[in-house]
Amino acid sequence: MSAAWLSQVALPWVLASVMLAMGLSLTGADFARTRRHPRRVLLGTGLQMLALPLLAWALVLLLPLPPLAAAGLLLVSLVPGGATSNMFSYLVQGDLALSVTLTAIAAVLAPFTLPLIMGWNLELLGLTTGGLSLPYWQTVGQLLTVTLLPVLAGMLVRRTLPSRWLEVALPGVKVFTGVAMISVVVALFASHAARLPALISLETLAVLMLCLLSMLLGHGVARRLQLPNDSVRAITVEVGVQNAGVAMMVAFVVLQQPAIGLVPLLYGLLMNVPVFLWMFACLRRDRHPASAVMSRH
């Protein structure tokens, strides 16, 4: 399989299938439960859509990244949420309804906000002078095709299928699409291995810092506002875990710039390190609550 086929054909189709599976998991009850706590939804959405891009810009200004790598990092910050964040929220026993709602809102907003803000980012980085541009409506159409429309299709299918069929089929669909997405990311990693930054590099540092600092941001703000523990965990995950698949699709397919797509690809692999460490710490604290309280005194 060539790198071009993986990025131009396999990635969009697999990404659409992942979003379809997410739509199959959504119900009206998921959103109805969160209406009782709109502040949590507004907080999570605000951190995702506003604070994250500003945090990425702070890292770009702090670290002397090459312009294309900086563009890749900024691109990652514009695609919050995804099926992966819902999985982590479930594993860490967070508020899954809140996590799913924030992911769904991001899926609606990102196709319209990403092309606009990323266009400004390319101008600020001086990349548009070299002919690099992101056509707004074309990008909106492509993002809608692989993100929002599959989610809506999944929700429609869920309403038409008997619930007993979904109970049997949905776990298998989630596993299949998850494995397919991981396989494409690994295959892209292998096909671009020679061009990927070294593990000890500014790009690696930037990726890990974006994930770690965004998790700390989400956790700190949610804890400061004294939200319930499960909501704190859901917001931590939603703010800290970005949809690397969408970022790669924009870089490889829309922008036709593999050099920009290498940072999202690197992020898709390395983000698991801080997320899993935090998740295991949370689960360990749940198993030993008394020791966790004593350690704080």
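The values are calculated or read from the model by the stated rules, or taken from the named source; none is laboratory data. Just so it is clear, the structure is predicted and the values come from calculations on it, not from any experiment. Glycine also receives a Cβ, built like all others from the backbone with ideal geometry; neighbour counts cover every protein chain displayed. To get the accessible areas, we keep the full protein, side chains included, count just its heavy atoms, and leave off ligands, DNA and RNA. Shrake-Rupley method; radii C 1.70, N 1.55, O 1.52, S 1.80 Å.
Can you pull out every residue in segment 121-145 that is loosely packed, with under 14 Cβ neighbours inside 10 Å, assigned to a loop (DSSP other than H, G, I, E, B) and either without any contact (Cβ under 8 Å) to a residue 12 or more places away in the chain or under 21 Å from the mean Cα position of the chain (by Cα) (or both)?
Across segment 121-145, the qualifying residue is only Gly131.
Does Met22 fit the bill of being within 16 Å of Cys211 (Cα to Cα) and surrounded by 14 or more Cβ atoms within 10 Å (Cβ to Cβ)?
no
Within segment 202-251, restricting attention to residues that are in a loop (DSSP other than H, G, I, E, B) and within 14 Å of Leu73 (Cα to Cα), which residue is most open to solvent (accessible area, probe 1.4 Å)?
The residue in question is Asn243.
I'd like to check something: does segment 60-72 contain any residue that is open to solvent by 50 Å² or more (accessible area, probe 1.4 Å), under 18 Å from Val250 (Cβ atoms), out of contact with any helix residue (DSSP H, G or I) (no Cβ under 7 Å at 6 or more places or on another chain) and not hydroxyl-bearing (Ser, Thr, Tyr)?
The answer is yes, given that some residue of segment 60-72 is open to solvent by 50 Å² or more (accessible area, probe 1.4 Å), under 18 Å from Val250 (Cβ atoms), out of contact with any helix residue (DSSP H, G or I) (no Cβ under 7 Å at 6 or more places or on another chain) and not hydroxyl-bearing (Ser, Thr, Tyr).
Mind listing whichever residues of segment 83-120 are under 17 Å from Gly44 (Cβ atoms), among the β-branched types (Val, Ile, Thr) and open to solvent by 30 Å² or more (accessible area, probe 1.4 Å)?
Selection gives Thr84, Ile105, Val108, Thr113.
Hey, Ala56 hits all of (1) at pLDDT 95 or above; (2) open to solvent by less than 50 Å² (accessible area, probe 1.4 Å); (3) farther than 22 Å from Val185 by Cβ; (4) of a type in the set (Gly, Ala, Ser) but one; which does it fall short on?
Evaluating Ala56 over (1) at pLDDT 95 or above; (2) open to solvent by less than 50 Å² (accessible area, probe 1.4 Å); (3) farther than 22 Å from Val185 by Cβ; (4) of a type in the set (Gly, Ala, Ser) leaves (3) as the failure.
Need at least 3 residues that are modelled with pLDDT of 85 or more and open to solvent by less than 30 Å² (accessible area, probe 1.4 Å) per element, so show me which helices (runs of 4 or more DSSP H) inside segment 252-297 make the cut, counting only ones lying wholly within it.
258-270, 272-287
Would you check if there is a residue in segment 146-164 being surrounded by 15 or more Cβ atoms within 10 Å (Cβ to Cβ), of a type in the set (S, T, N, Q) and either at pLDDT 85 or above or under 17 Å from the mean Cα position of the chain (by Cα) (or both)?
So far as segment 146-164 goes, yes, one or more of its residues are surrounded by 15 or more Cβ atoms within 10 Å (Cβ to Cβ), of a type in the set (S, T, N, Q) and either at pLDDT 85 or above or under 17 Å from the mean Cα position of the chain (by Cα) (or both).
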